[in-house]
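The values are calculated or read from the model by the stated rules, or taken from the named source; none is laboratory data. Just so it is clear, the model here is predicted, and its values are computed rather than measured. Neighbour counts run over all protein chains shown; Cβ positions are idealised from the backbone, glycine included. What goes into the accessible areas is simple: the full protein's heavy atoms, side chains included, and nothing from ligands, DNA or RNA. Shrake-Rupley method; radii C 1.70, N 1.55, O 1.52, S 1.80 Å.
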Amino acid sequence: MGADVTLLAQQASRAADRLDIPWWIWAATLGGLALLLLIDLVIVDRKPHEVTTGEAARWVTFYVACAVAFGVGVWIFGDGHFAIQYFTGYITEYSLSIDNLFIFMVIMSSFAVPSIHQHRVLLIGILLALVMRGAFIAVGAALIEQFVWIFFIFGAFLIWTAVSMVRKKDEDEEYKENAVVRWVRKVFPVTDDYHGHKSVVKIDGKKFLTPMFVVIVAIGSADLLFAVDSIPAIFGITQDPFLVFTANAFALMGLRQLYFLLGGLVDKLIYLSVGLAVILGFIGIKLIIHAFHEYHLVPEWLEITNWMSLSFIVLVLAITTWASLAKAKKNGEVESEAEQAEKA
């Protein structure tokens, strides 16, 4: 009886910390996201071309503005408490995505994707990732609803991931085809060359996949692996499925244009992985403290609030970015002096 009362109290507490979202708002949100993707597909990808820095900057600004506008809507029609959760989750997911851009660049280089088709690859690959992340979020929300102890597992996993990121930060990143990509190559015949933006072609009456299809699978499956880290991380910020999904969606939708905007700048963010490791470790600790609260094992004052989370994450990202760019500038000056010395 006592266990049942405790479980009911825990479920009531979690319900109070969630938005009451009717089905039509879910439908309108999904429709709006689909419309944004359609606009992107019609305007940007209607005619394959190499995305310029200026074009990418305008689209990044547009997607960030859409994400901010959505957060303002949550603040107005929901509550400031939930808006802070959304913005914290969005910033965290976007930051984790930036670290993943380097892997996308390595994949693009490995598959020698023509620059005029890279946007289509990212668009379709990330669309697949969005669908798969939606499934991840649904499963995660169901687990949290039924089992409080899942917070301990999520927290421990994030701390372990943070430690692993710090340990391998000096290792060379090299793309190795995962099991999904290897399976596609094994089961289906794949052409050696690209055929425009086509994913499937017919040669001598036989259908072949093209490298375009394979690289889309590589991008989508790579992002699915990234979700293993990012989904537990955002559940450490908010347990509301609507906020978790929308924060992920806006972060992913803005990721494609950020890929073209940052370009080689990603290589200069040499301390980004360290900063993200600190953030993941912080969220892991927050999850574990939250789990202890659910079991009433820690005092009420021992709590990491949403404002504390947002401030800490923004501060870490700011310090990481400044330190990375300062280090890159110093390295550039040293290399320049070395070149001048050699010429002399």
message: With a 1.4 Å probe and all protein chains kept in place, how much accessible area does Met308 have, in Å² rounded to the nearest 10?
response: 100 Å²
statement: A student applying the Cα gyration tensor rule (rounded when a/c is under 1.5; otherwise prolate if a/b is larger than b/c, oblate if not) would label the range 64-160 oblate
message: Give the residue list of chymotrypsin sites (Phe, Trp or Tyr not before Pro) in the range 180-212 that are DSSP loop and have at most 12 other beta-carbon atoms within 10 angstrom.
response: none
statement: The answer for the per residue Cα convex hull volume of the range 89-223, in Å³, is 142 Å³
query: Between their Cα atoms, which of Lys47/Lys198; Lys47/Lys206; Lys47/Lys268; Lys268/Lys330; Lys176/Lys202 are more than 20 Å away from each other?
result: Lys47/Lys206; Lys47/Lys268; Lys176/Lys202
task: Please identify the helices of the chain, taking whole runs of DSSP H, that span at least 15 Å along their own axis as judged from the Cα atoms and have a mean Kyte-Doolittle score of 0.0 or higher.
output: 2-16, 23-43, 53-77, 80-110, 118-146, 150-167, 211-235, 241-253, 272-294, 306-343
Sites Phe188 and Trp301 - FRET efficiency at Förster radius 45 Å, r taken between beta-carbons, to 0.05: 0.15
message: Could you tell me the center-to-center distance, by alpha carbons, between the range 267-291 and the range 292-330 in angstrom?
response: 8 Å
query: Sorted by accessible area with a 1.4 angstrom probe, largest first, how do His119, His290 fall?
result: His290, His119
query: Between exposed trypsin sites (Lys or Arg not before Pro) in the chain, where DSSP calls loop and at most 12 other Cβ atoms lie within 10 Å, what's the longest gap?
result: 177-344
- request: Quick one: check the C-alpha center-to-center distance for the range 207-225 versus the range 82-112, whole angstrom.
  value: 18 Å
query: Which shape class applies to the range 192-273: rounded if a/c is under 1.5, otherwise prolate when a/b exceeds b/c and oblate if not, where a ≥ b ≥ c are the square roots of the Cα gyration tensor eigenvalues?
result: prolate
Exposed-site-free run, longest, the chain (rule: GluC sites (Glu not before Pro); DSSP loop; at most 16 other C-beta within 10 Å): 175-299
message: Test of understanding: what is the full-extension gain from Ala69 to Lys330, defined as 0.36 nm times their sequence separation minus their Cα-Cα distance?
response: 90.1 nm
- prompt: With charges only on Cβ, +1 for K and R and -1 for D and E, what is the dipole size of the range 37-124 about its Cα centre, in debye, rounded to 20?
  reply: 240 debye
message: Given 10 °C and 1.306 mPa s, compute D for the chain with the Stokes-Einstein relation, Rh being the Kirkwood radius over Cα pairs; round to the nearest whole µm²/s.
response: 72 µm²/s
field: Three-way shape call for the range 228-314 based on the alpha-carbon gyration tensor, with the a/c threshold at 1.5
entry: prolate
